[in-house]
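J.: Next up is a structure, given as structure tokens.
Every number in this text was worked out from the coordinates using simple rules, so none of it is lab data. Note that the coordinates shown come from a computational prediction; the quantities given were computed from them, not determined experimentally. Backbone-built Cβ (ideal geometry, glycine too); neighbour counts: all protein chains shown.
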Amino acid sequence: MALLRMRNAAFSLGTCSAGPVTLDVRPGERTALPVGSPQEAAVIALMAAGIAKASSGCVLIGDYDPRVQSVNCKRIAGFVPHEPVSVQERDFAGYIAYRAALWKVNTRNALAYAAVLRERLADMHEAFAYPLIGALIGMPKLVVLDRPELAYAPQILAVTETRAVFSTHTNAAAAHAFGRPHALAMTRA
Amino acid sequence: MRALTAVVAARLYVQRRIVLYSFVAALIVGSLQPQGAVGPILFCSLLGIIAALAQSPGRSPHLDRCEQSAPLYGRELARAKALVPCVAAGLGALVYAGAALARGAFDAPLTFAITLAAVVACTLVALSATLRQGSSRGLYVLLACAASAIAYALGVVLHVFAAELAFCVFVSFFALRQYGEALARYDPI
């Protein structure tokens, strides 16, 4: 069973449009989607995480439709935005406690897991590491990355472990670094 | 409850400057205009509208994204986001009443009760403006002012506090419901 299924999924609102996209992401798979513009990459990532609703076509996250069961979708998919966050080192524990409360996970366990992840992402700038750690403490089965930094590809993929990963990119080199080459072929309808 | 507390605490922390300035302003205005209910209702309603508009999407992008990607129902998020400006404006009203009491306004506790009811109703109506643009945004701000004016007329001009309270509870209930529905339909793009 695919964790993420997109069938001709497109978004359109005013001048903003994205897709259509058709793809499947199965448990443990890493799929990278190169697209033409940053805006399109952001919108497709938001649709894949169940945050934005497709204007046409179909998106299913673990058999749940984000239009009617968005809470179930968000328990499966963890979203990592492209923009860095301005959380300082001293606010890290507070940030993790905040994310743990939103995801209703045990704060102590979340802090312990976050500390382990922080250690594994020691080479990564905290502005990019913290949102990733924040997304992973919710134990998502699918990690959705909006235009992740190419320079941090090995670290990001290492901490996602066996989880399925779906990422959007605006350049082919980054897409190759984050997804298996065959994944690039099964993208746009 | 954890999520509600986390959202309220995080938003108040991010907007601590606005909250602090509003307290200072309430202290000054309360000292200058300690008598009567016009000053506190007008001033604190304005604080409520400003605090409500400060919850507009885009003002705290990372908090917005965390809340949107968290597995929270629309009503949970609406309650939490509605509580933030209500707390800020309510505390502003308390500071105002404290300053008025210190200047010898012995009816300040009753004025505080009348003000609090009006401010909460006004703030909750103004919250719906945060999810709209253009003229409809302005219309909701005008509606918020109208709610405050009607509360003033009932509580101060007609001296029917029970009617004012009933009106404010009625308006607050429907405003919060309306905000929750708008938030559930809201697309972050």
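J.: Report the Stokes-Einstein translational diffusion coefficient (µm² s⁻¹, integer) for segment A:1-117, Rh taken as the Kirkwood radius over Cα pairs, at 10 °C with viscosity 1.306 mPa s.
T.: Translational D for this selection: 101 µm²/s.
J.: Relative to the longest principal Cα axis of chain B, at what angle does helix B:74-102 sit, 0 to 90 degrees, rounded to 10?
T.: Tilt of helix B:74-102: around 20 degrees.
J.: Determine, from the Cβ-Cβ distance of A:Ser17 and B:Asp107 and an R0 of 51 Å, the FRET efficiency 1/(1 + (r/R0)^6), rounded to the nearest 0.05.
T.: E between A:Ser17 and B:Asp107, to the nearest 0.05, is 0.30.
J.: What fraction of the DSSP beta bridges in chain A is antiparallel, stated in percent and rounded to the nearest 5?
T.: 50
J.: Which of A:Asp146, A:Asp63 comes first, and how do the rest follow, when ranked by fewest Cβ neighbours within 10 Å?
T.: With the fewest neighbours first, A:Asp146, A:Asp63 line up as A:Asp63, A:Asp146.
J.: Let me ask you something else. For the pair B:Ala146 and A:Glu83, what calculated FRET efficiency results from E = 1/(1 + (r/R0)^6), where r is the Cβ-Cβ distance and R0 = 45 Å, to the nearest 0.05?
T.: Working from the Cβ atoms, E equals 0.75.
J.: With each run of n ≥ 4 DSSP H residues scored as -39500 (n - 2.57), what mean residue ellipticity at 222 nm is computed for the protein assembly as shown after dividing by its residue count and rounding to the nearest 500 deg cm²/dmol?
T.: That comes out to -19000 deg cm²/dmol.
J.: I want to verify a result. In a Gaussian network model of chain A, Cα cutoff 10 Å, which of these has the top mean-square fluctuation: A:Glu29, A:Glu40, A:Glu83?
T.: A:Glu83
J.: At 1.306 mPa s and 10 °C, plugging the Kirkwood radius over alpha-carbon pairs of the protein assembly as shown into Stokes-Einstein gives what diffusion coefficient in µm²/s?
T.: Result for D is 71 µm²/s.
J.: Run the quick spin-label model on B:Asp187 and B:Leu4: label points 7 Å from Cα toward the beta carbon, then report their separation in nm to one decimal.
T.: About 3.1 nm, to one decimal.
J.: Could you work out which residue, out of A:Gly94, A:Gly28, A:Gly50, moves most in a Gaussian network model of chain A, that is, has the largest mean-square fluctuation with Cα springs under 10 Å?
T.: A:Gly94
J.: Please find the FRET efficiency linking B:Arg59 to A:Arg120, where r is the Cβ-Cβ separation and R0 is fixed at 41 Å, and quote it to the nearest 0.05.
T.: Details: r = 33 Å, r/R0 = 0.81.
That gives a FRET efficiency of 0.80.
J.: Would you work out which of A:Leu142, A:Ala41, A:Pro131 lies farthest towards the positive end of the dipole of segment A:4-150? Charges go on Cβ: Lys and Arg +1, Asp and Glu -1.
T.: A:Leu142
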